[in-house]
Amino acid sequence: MSIDVIEALKALDNPTRLAILTLLKNPRQNFPEQEADPEQFGVCVSIIQERVGLSQSTVSNYLAALQRAQLVSSQRIGPWTYYKRSESSIAQLLKALEVAI
């Protein structure tokens, strides 16, 4: 499945969503308090929320926008949802932009 460039650019047209995606690039470094391996499982929404300083509902909406744009993936473990970057989709976006610009 190929990435929707317009949807991805819309998702990135928000400084906080872009910051979240950037923080997720190095999850061990940026979220050291995460107990489960952030490289394997992703980062818990509540930890992301604490880092960016916004309400959990706002952060969840931002993560949902990034997920719709295929820039992150999520998985539920018990009552918690963990997010990590979709490096293959990000690479597709960068390649598409390279061709287009």
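Just so it is clear, none of the values below were taken in a lab; they were calculated from the coordinates. In this text the structure is predicted, and so the values were computed from the model without any measurement. Cβ atoms come from the backbone with ideal geometry, glycine included; neighbour counts cover every protein chain shown.
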*Highest GNM mean-square fluctuation, the chain, Cα pairs closer than 10 Å: which of ARG76, ARG85, ARG28?*
ARG76
*Quick one: longest stretch of the chain between exposed loop GluC sites (Glu not before Pro), exposed meaning at most 15 other C-beta atoms within 10 Å and loop per DSSP?*
36-101
*Taking square-rooted eigenvalues a ≥ b ≥ c of the alpha carbon gyration tensor, is region 42-89 rounded, prolate or oblate, where a/c under 1.5 means rounded and, failing that, a/b exceeding b/c means prolate?*
oblate
_Karplus (6.51, -1.76, 1.60) ³J(HN,Hα), θ = phi - 60°, over region 60-77, in Hz, Gly and Pro reported as x_ = 4, 5, 5, 5, 5, 5, 5, 6, 4, 7, 6, 8, 9, 10, 10, 8, 8, 10
*Out of VAL43, THR22, LEU66, whose Cα points farthest toward the positive end of the dipole of the chain (charges: +1 Lys, Arg; -1 Asp, Glu; placed on Cβ)?*
LEU66
_Pairwise centroid distance, computed over Cα atoms, of region 13-27 with region 28-89, Å_ = 10 Å
_Tell me the relative contact order for region 5-100 as a rounded percent, counting alpha carbon contacts under 8 Å between residues six or more apart._
30 percent
_How big is the dipole moment of the chain about its Cα centre under a simple scheme where the beta carbon of each Lys and Arg is +1, that of each Asp and Glu is -1, and everything else is neutral? Debye, nearest 20, please._
100 debye
*What is the helix-to-structure angle for 87-100, meaning the angle in degrees between its Cα long axis and the longest Cα principal axis of the chain, kept from 0 to 90 and rounded to the nearest 10?*
30 degrees
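Could you work out the per residue convex hull volume over the alpha carbons of the chain, in cubic angstrom?
Numbers: hull volume 9.9 nm³, N = 101.
Value for the chain: 98 Å³ per residue.
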